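Peer 1: Just passing along the structure, written as structure tokens.
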Amino acid sequence: MADAIIQVVAGKLIDALKEHSGRVLEFRSQFMELKTQLDFMKSFLADANKLKRKEETVKTTLSMIRELTYDAEDILTDCLLRAEFRDHVFRCNHFLPREMIFQHRTSKRLKDINGRIEKMHKVLKTYLKTIGQQGVHDDVSSVVHRRWTSPAFDESSIVGLAEDTMKIIGWILPTKKQLHQVGIIGMGGLGKTTITQKIFNNHAILERFEERIWVSISQTVNEEETMKTMLKQLGEDTYGLDMGQMLPKIKQALEGKDYLIVMDDVWSAHGWWERLLAGLPKREGQSSAVIITTRKESVAIEMGVEKARIHQPRVLNEEESWALFCRIAFSSEKEAKQHYELEELGKDIVKKCCGLPLAIKTVGGLLKSKTLSTDVWRRIHNNFHDELATREGESSVMASLQLSYDELPTRLKQCLLCFSIYPEDSVISAEQLVHWWVGEGFVQGKDTRTAIELAFDYLSELISRCLVEVVKQRGFDGRVYTCKMHDLVRDLTIKIAREESFCSFDEHGKQRPSIQSRRLGFTGEEDVKSLNKKSKLRAFLMMNSSPVSPDKTIPLFRVRSLRVLDFSLNKLENIPIHKLLHWIISLQRLSYLNLRGVASLKELPQLISELRNLQLLVLNGCNNLQKLPSSITNLQKLNVLDLGYCPMMRYLPQGLGRLSNLQELSGFTVPSEADRNGCRLGELQWLSKLKVLRVNINEESDIAEEELTVLSHLKQLKVLSINTEGCEKEEIFRKLDGLSPPPHLEELYLRYYRGVTTPMWMNPKSLRDLHYLCIENGDLQFVHPRFEGGKTITWKVEGLCLKFLARLQVEWDLVQSVMPRIRYVEVSHCYMLKSFPCNTEKLGVWRK
């Protein structure tokens, strides 16, 4: 497939050139020429994407396009930053010596790029003529492999899956419902089809359903062939029938009967399924079932399956994996014990399969075809991933997983490749991934949706396609906190990342930093001396918390192309903070900086304003950070500023309201009256794009009466957190009672609130769109009468969290009556709650 990253960067460049052409007037003609050339490149990429096996011409061309698009993006970024610097700082004369030097160099670079593209254009024209349209078409036809399945299976080669089978049989046996619809989802090779075969041939199913139909759909849906398959299995003649006659005939054959239909390996449900489902009989007295297997949860939902009836099989445990392997590689476990010298090697090989049935069967079949030789088995053990990647028709694990990657939209491909840099078995922060994607420009805001919001959607989509696994998520809405990737999917991302020069890897899948490296997950084992001033590195992320050896430190001041710098997993104890900051402020293209938890960080330098491209700044958990420089208010592109859990931070600087693009602000501390340089609460009203606001209020904080309406000005605010830890002043809580949050707030967090009753504004009329309410710690005893709303006004809240509220007196019946949509409740150390359906003393969770 054509480089996902090229398509994204080229597309982003074209959009940027359309939007900002007026900002770079002195280079307008050259940029317009570049845009024209890039449009042609996108057309070539579309053709290259159709080629099954790339010839050397295509591979070389893709490599050249990759370099050109990155270079062009660097130039455009530099020009836009320069234009913004002129506009916002000096409004300087274009003919000053420094400006003239910049214009001369940029013009030269643009001329060079356009010249290279023109030469490439000529080569490609000749090449595309040579292969001709027929050649492309032939290659396309050879790409599409139809995966055919049937209900027939070998019971002796199946291990485990009994729980999965019985669970789904239990869903479809009852006769009260006219049509049961069930989805089985999971990554390729997980055993979805095998489970369905077991269900299809189960004795109870044979007795329950008069008609059973099995249809293998695969990637390309042929509606006519699907209906023909159904009619043939119903014993009907299809000769001479057209599309319009087939569906009524299927309905007629199934009328008055209980039937089971399996739609196996569905990739898309658009249009065809709606038409087919509408034609199936669904009458009183009938009770039928449809089972759908797919790699995409969204497909099952689109086909009408309720989430509660979607099942994702687990991987096999160690015992089951070994039993399955023995049945394939040997005749039984008993025979395996007779070859004790192979048993240890075999068990190590099985561990590498990580419980994936297809991988176990593939490697077991491979070993069965070999002699029972220790040397042969050791060779396959040592070259496990290469052996598994060898295409053996449809048994190839990598070929199966490759299909899932190929089916991804371009916007998701480069996001998935980011997982390649994480070490094996890593538990990955969803927030880190999302910030990386946004920082490098893989995800951009659209309409009213911010880039951060869309990035979380992208992650959810990768999870729903079973390419990424959830480790920890929020209870009420499934927001992902941490995730991981199956080892074999990770192997696939490494393979593709290496092919597309997304990252640099050696033959063993370990990162190999070089001058060509674009992204690096630094574990401390890598030799980074090659990353000099000509380095092309765009993303650098620390991968562990181990102290960094000084001789391994990356020479950051030389990496001019860096966009993403994330030290969030390391406290950087061995690196002098002044040197680190000196390096950082030289990275003028930097878009995302994360210094989470760096204990030695006490303040940022004034020169932080040099990072004019900075969009995300995360300083969360910097326990000794005392202040930010006033120059931070010059970072006009800043979208995210996270200062959560910085206890020494007394205030943020005045002028914060100038950050007009700020979308998330965490750790805003309301200053005291004495802190005259601090940003007042009232200044936040100018942050019109703010969607997330987390405010800290302490004993010394000062809130003026006229500032109480500030939140009502934030029309886009969705998430509000108010933390009053350490504050005992009654006057503060009286004023907090007079706040006026915007009515469209969706999530509200109230921590260490010392009032006796909930604030007056915490009611369903004032917060009519609230979906999640969290109240933790404090002295609350009662809910305010307004909290209950009225006969016609109730909360839309779906999730409720109450923790460490020892005095709070609320009855469960009241909660249910005022929050009729409630479906998730989390409670802890709330001893006076009455009749709640979960433990209220220790952590208790209730789900509807």
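Peer 1: Please sort 714-720, 68-74 by packing, taking for each peptide the average over its residues of neighbouring beta carbons within 10 angstrom, highest first. Let's see the in-between values first.
Peer 2: On the way: 714-720: 18.4, 68-74: 20.6.
The packing order, highest mean first, is 68-74, 714-720.
Peer 1: Would you compute the Debye intensity of segment 698-848 from its alpha-carbon atoms alone, equal scatterers and no solvent, and pass along log10 I(q)/I(0) at q = 0.12, 0.13 Å⁻¹ to two decimals?
Peer 2: Scattering profile of segment 698-848, log10 relative to I(0): -0.48, -0.57.
Peer 1: Now for a separate question. Measure off, as a whole percent, the carbon and sulfur share of the 1.4 Å-probe accessible area of segment 155-311, all protein chains present. Each step should come with its number before you reach the end.
Peer 2: Values: 3170 of 6670 Å².
The computed percentage sits at 48.
Peer 1: Just to be sure I understand the model, the point goes 7 Å from the Cα along the line to the Cβ. What's the resulting A278 to H582 distance in nm?
Peer 2: With each label point 7 Å from Cα toward Cβ, the separation is 7.2 nm.
Peer 1: In segment 726-848, carbon and sulfur make up what percent of the accessible area (probe 1.4 Å)?
Peer 2: On the way: 2780 of 5940 Å².
Percent of accessible area from carbon and sulfur atoms in segment 726-848: 47.
Peer 1: When the Debye formula is applied to the Cα atoms of segment 155-311, each taken as the same point scatterer, what base-10 log of I(q)/I(0) results at q = 0.09, 0.12, 0.18, 0.20 Å⁻¹?
Peer 2: Relative scattering, expressed as log10 I(q)/I(0), comes to -0.27, -0.49, -1.15, -1.41.
Peer 1: Just grab the label-to-label distance for E84 and Q516, each label 7 Å out from Cα along the Cβ direction, in nm (one decimal).
Peer 2: The two pseudo-label positions are separated by 3.2 nm.
Peer 1: Sequence-distant or interchain residues sharing an amide H contact under 5 Å with R754, placed H: which?
Peer 2: Amide H neighbours of R754: D779.
Peer 1: Please give the contour-minus-distance gain from E725 to N201: 0.36 nm per residue of separation, less the Cα-Cα distance, rounded to one decimal in nm. Could you put the intermediate results ahead of the total?
Peer 2: Numbers: separation 524, 0.36 × 524 = 188.64 nm, distance 6.16 nm.
Roughly 182.5 nm would be gained on extension.
Peer 1: Same structure, new question: So what does D642 come to for accessible area, using a 1.4 Å probe and Å² rounded to 10?
Peer 2: 20
Peer 1: Further, regarding this structure: Which residues' amide hydrogens lie under 5 Å from the amide hydrogen of I261, considering only partners 5 or more residues apart or on another chain, with H built in the peptide plane?
Peer 2: Residues meeting the criterion, in which the H sits 1.01 Å from N, are I213, A289, V290, I291.
Peer 1: Pull up all non-local amide H partners of S721: gap of 5 or more, or a different chain, and H-to-H distance under 5 Å with H placed in the peptide plane.
Peer 2: Counting only residues 5 or more places away or on other chains, the set is L693, R694, V695, Y749.
Peer 1: Could the peptides 302-315, 785-798, 401-414 be put in order, highest first, of the mean number of other beta-carbon atoms found within 10 Å of their residues?
Peer 2: Numbers: 302-315: 16.4, 785-798: 14.9, 401-414: 18.4.
Highest-to-lowest ranking by the protection proxy: 401-414, 302-315, 785-798.
Peer 1: Considering only segment 604-726, what is the antiparallel percent among its DSSP beta bridges, to the nearest 5? Intermediate values should be presented prior to the final figure.
Peer 2: Working: 1 of 17 bridges.
Bridges in segment 604-726 are about 5 percent antiparallel.
Peer 1: Next question. How far apart, in nm, are the 7 Å Cα→Cβ label points at K251 and K765?
Peer 2: Between K251 and K765, the simple spin-label model gives 5.2 nm.
Peer 1: Okay, moving on. Roughly speaking, to the nearest percent, how much of segment 449-518's 1.4 Å accessible area is carbon and sulfur? Don't jump to the answer; show the numbers that get you there.
Peer 2: Details: 1300 of 2780 Å².
On segment 449-518, the fraction of accessible area on carbon and sulfur atoms equals 47 percent.
Peer 1: Given contacts defined as C-alpha pairs under 8 Å and at least six residues apart, what's the relative contact order of segment 408-510, whole-number percent?
Peer 2: 31
Peer 1: Moving on. Take the Cα coordinates of segment 555-633, assign each an equal point scatterer, and use the Debye formula without solvent to give log10 I(q)/I(0) at q = 0.12, 0.16, 0.17, 0.24 Å⁻¹.
Peer 2: With one equal scatterer per Cα and no solvent, log10 I(q)/I(0) is -0.29, -0.53, -0.61, -1.32.
Peer 1: Now a separate question. Return the whole-Å distance between the Cα centroid of segment 571-635 and the Cα centroid of segment 454-509.
Peer 2: Answer, in whole Å: 28.
Peer 1: With an 8 Å Cα cut-off and a minimum separation of 6 or more residues, compute the relative contact order for segment 584-623 in percent. Mind dumping the intermediate values first?
Peer 2: Numbers: 56 pairs, mean separation 23.6, N = 40.
This gives 59 percent for segment 584-623.
Peer 1: Something else: Over segment 155-311, average the accessible area per residue using a 1.4 Å probe and give it in Å², no decimals. List each step's numbers first, then the result.
Peer 2: Numbers: 6670 Å² over 157 residues.
Averaged over the residues of segment 155-311, the accessible area is 42 Å².
Peer 1: If you don't mind, another one. Please give the per residue volume of the convex hull enclosing the alpha carbon atoms of segment 162-247, rounded to a whole number of Å³.
Peer 2: Details: hull volume 10.4 nm³, N = 86.
Normalising the Cα hull of segment 162-247 by residue number yields 121 Å³.
Peer 1: Per-residue counts of other Cβ atoms within 10 Å, averaged by peptide: what ranking do you get for 451-459, 673-681, highest first?
Peer 2: Values: 451-459: 19.7, 673-681: 16.2.
By packing density, highest mean first, the sequence is 451-459, 673-681.
Peer 1: Which pairs break 31 Å Cα to Cα here: K228/K282; K177/K446; K198/K510; K198/K257?
Peer 2: On the way: K228/K282 21 Å; K177/K446 42 Å; K198/K510 40 Å; K198/K257 22 Å.
Over 31 Å Cα-Cα: K177/K446; K198/K510.
Peer 1: What accessible area per residue, rounded to a whole number of Å², is obtained for segment 408-510 using a probe radius of 1.4 Å? Mind showing how you got there, number by number?
Peer 2: Values: 3730 Å² over 103 residues.
Heavy-atom SASA per residue in segment 408-510 reads 36 Å².
The values are calculated or read from the model by the stated rules, or taken from the named source; none is laboratory data. This is a predicted model, so every value here is computed, not measured. Note that we place each Cβ from the backbone using ideal geometry, even for glycine, and neighbour counts take in every protein chain shown. These accessible areas exclude ligands, DNA and RNA; they are computed on the full protein's heavy atoms, side chains included. Shrake-Rupley method; radii C 1.70, N 1.55, O 1.52, S 1.80 Å.
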